[in-house]
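Please read the structure below before turning to the comments.
Derivation of every value follows stated rules applied to the coordinates shown; laboratory data play no part. Nothing here was measured: the structure is a model prediction, and the numbers come from that model. Cβ sites come from the backbone with ideal geometry, for glycine too, and all protein chains shown count toward neighbours.
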């Protein structure tokens with residue numbers, strides 16, 4: 001589902017450009033309060049369509065098929081000029097001026113993004129502790145046993161993909177408002193891999209994992225240039241990714257849990 005969040009973000013970003021207003025004058029120019037719900041709904045429906053293919057696989061094959069779908073979306077947007085305007089994409093996409101506030105200004109946009117992130121995190125925590133979320137965790141650990149207990153494993157996974165698509169849609173809308181443009185480069189394979197690295201480094205088993213992974217990735221992206229050449233950044237990310245996978249498969253949060261459990265033991269031995 002992590003990969004689906006990436007191309008799930010690209011789809012609503014394109015839809016906002018197509019249904020709303022852009023400087024090229026080739027959009028439908030719908031009001032934002034119509035364009036946004038339609039873009040979000042399309043993103044969720046496409047996430048469900050992706051899930052109907054992905055749930056037929058498990059493990060590494062799920063990652064491979066979602067990566068393939070992401071690449072297909074990128075190539076389709078790159079080569080389609082009638083709908084996606086090809087390589088150029090769309091520019092001049094402005095957020096609405098609501099309550100007298102221009103939401104692309106740094107301070108309003110920061111608090112808007114923060115509010116969306118907090119709401120999504122709170123919603124994820126709530127779902128994770130609800131019966132549906134507990135069922136999803138059990139399906140993740142042992143899908144065959146859950147199926148034997150009478151749970152519809154495929155339906156649970158489809159709903160999970162839809163929820164991920166909804167969160168990705170919100171991120172895509174914020175992305176296109178911030179950049180003011182959308183093009184195939186925004187949804188290219190390297191971006192997709194970045195999202196995967198962020199999730200794995202932060203910790204896939206924790207709702208806070210992607211947040212921590214994103215923070216780590218951004219800090220490394222900004223300060224690694226002081227340590228290595230800018231062209232070597234991908235090498236640093238790759239080595240960091242390998243180290244995390246080898247020494248803490250549950251990411252940075254898993255590493256923290258290991259240290260937290262070890263500290264009282266070492267303290268007791270010291271006493």
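If you model the chain as an ellipsoid using its alpha carbon gyration tensor, with each semi-axis the square root of five times an eigenvalue, the axes come out at 33, 24, 19 Å, biggest first. Between the Cα long axis of helix 233-247 and the first principal axis of the chain there is an angle of about 40°, rounded to the nearest 10.
Panel order for 74, 81, 121, 14, by other beta carbons found within 10 Å of each beta carbon, from fewest to most: 81, 121, 74, 14. Ranking of 99, 178, 166 by neighbouring Cβ atoms within 10 Å, starting from the fewest: 99, 178, 166.
Placing a label point 7 Å from the Cα of residue 257 along the Cα-to-Cβ direction, the residues of segment 181-213 whose backbone N falls under 19 Å of that point are 198-213.
Our helix-only sum for the chain, with -39,500 (n - 2.57) per DSSP H run of n ≥ 4 divided by its residues, gives a mean residue ellipticity at 222 nm of -24000 deg cm²/dmol.
Label positions at residue 243 and residue 71, each projected 7 Å from the Cα along the C-beta direction, are separated by 3.0 nm.
If one computes P(r) from the Cα atoms of segment 189-271, what percent of pairs lie at distances over 17 Å? Of all Cα-Cα pairs in segment 189-271, 51 percent lie more than 17 Å apart. Taking the C-alpha atoms only, the angle from helix 209-223 to the longest principal axis of the chain is near 70 degrees. Once the Cα-Cα distance is subtracted from the 0.36 nm per residue extended length, the residue 79 to residue 23 segment shows a gain of 18.1 nm.
Label point of residue 58 set 7 angstrom out along Cα-Cβ; within segment 129-152, amide nitrogens under 18 Å from it belong to 135-152.
Between the Cα long axis of helix 189-202 and the first principal axis of the chain there is an angle of about 30°, rounded to the nearest 10.
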